[in-house]
């Protein structure tokens with residue numbers, strides 16, 4: 001489970017130099033010192049066309065964190081690094097890559113009780129994310145996502 005706060009969409013990760021990564025880490029440390037850890041609620045679980053998610057609430061802490069991360073990205077990489085609006089805050093439980101009947105998954109998710117859980121956000125994980133295309137027998141493509149940790153950065157001054 002993870003919450004994507006922001007992503008650098010300006011280049012594949014292999015094209016981002018060590019010096020650029022260090023500039024981003026330095027900028028993030030400066031920004032993250034300004035926001036204290038916060039707690040939000042995750043849930044109820046939902047299945048949609050892209051996978052299973054938990055919406056997050058309240059929005060203020062996550063939006064503030066996203067704004068700080070965006071500011072650090074602009075400082076370290078350029079505004080072209082951000083190529084989307086991000087959408088509503090949510091935790092991703094899994095991703096979908098094909099069409100299917102969602103009723104069995106929706107029914108299983110609905111049985112989860114309690115349907116909301118608190119989550120304290122106290123650090124930000126900077127990840128090197130890779131998407132790999134795998135050809136399918138029907139001529140389509142199945143995408144696989146994996147990542148390597150780059151840095152774990154604490155929120156707040158402590």
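The values are calculated or read from the model by the stated rules, or taken from the named source; none is laboratory data. Not measured: the values here are computed from a predicted model. Cβ placement follows ideal geometry from the backbone for every residue including glycine, while neighbour counts extend to all protein chains displayed.
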> Got a number for residues in the range 42-53 being surrounded by fewer than 19 Cβ atoms within 10 Å (Cβ to Cβ) and at negative phi?
Replying inline: 5
>> Just to verify a result, which residue in the range 146-156, among those that are surrounded by 11 or more Cβ atoms within 10 Å (Cβ to Cβ) and assigned to a strand (DSSP E or B), is modelled with the lowest pLDDT?
In response: 147
> Could we say that residue 131 is modelled with pLDDT under 90, in a strand (DSSP E or B), closer than 23 Å to residue 7 by Cβ and more than 16 Å from the chain's Cα centre (by Cα) here?
Replying inline: no
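Can you go through 56, 39, 4 and tell me which one is touching a residue at least 60 places away in the same chain (Cβ under 8 Å) and buried (at least 16 other Cβ atoms within 10 Å of the Cβ)?
Within the list 56, 39, 4, the selection yields 56.
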> Out of all the residues in the range 75-86, is one or more under 14 Å from the mean Cα position of the chain (by Cα) and loosely packed, with under 11 Cβ neighbours inside 10 Å?
Replying inline: yes
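Every residue in the range 126-158 that is touching a residue at least 60 places away in the same chain (Cβ under 8 Å) and on the phi < 0 side of the Ramachandran plot, please. Show your work before the answer.
Initial filter on the range 126-158 (touching a residue at least 60 places away in the same chain (Cβ under 8 Å)): 126, 128-130, 150-151, 153-157.
Once the filter is applied, which keeps residues that are touching a residue at least 60 places away in the same chain (Cβ under 8 Å) and on the phi < 0 side of the Ramachandran plot, the range 126-158 yields 126, 128, 129, 130, 150, 151, 153, 154, 155, 157.
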> Out of the residues in the range 36-73 that are in contact with a helix residue (DSSP H, G or I) (Cβ under 7 Å, 6 or more places away or on another chain) and modelled with pLDDT of 95 or more, which is farthest from residue 117 (Cα to Cα)?
Replying inline: 38
> When you scan the range 93-120, how many residues do you find that are modelled with pLDDT of 90 or more, under 17 Å from residue 53 (Cα atoms) and assigned to a strand (DSSP E or B)?
Replying inline: 4
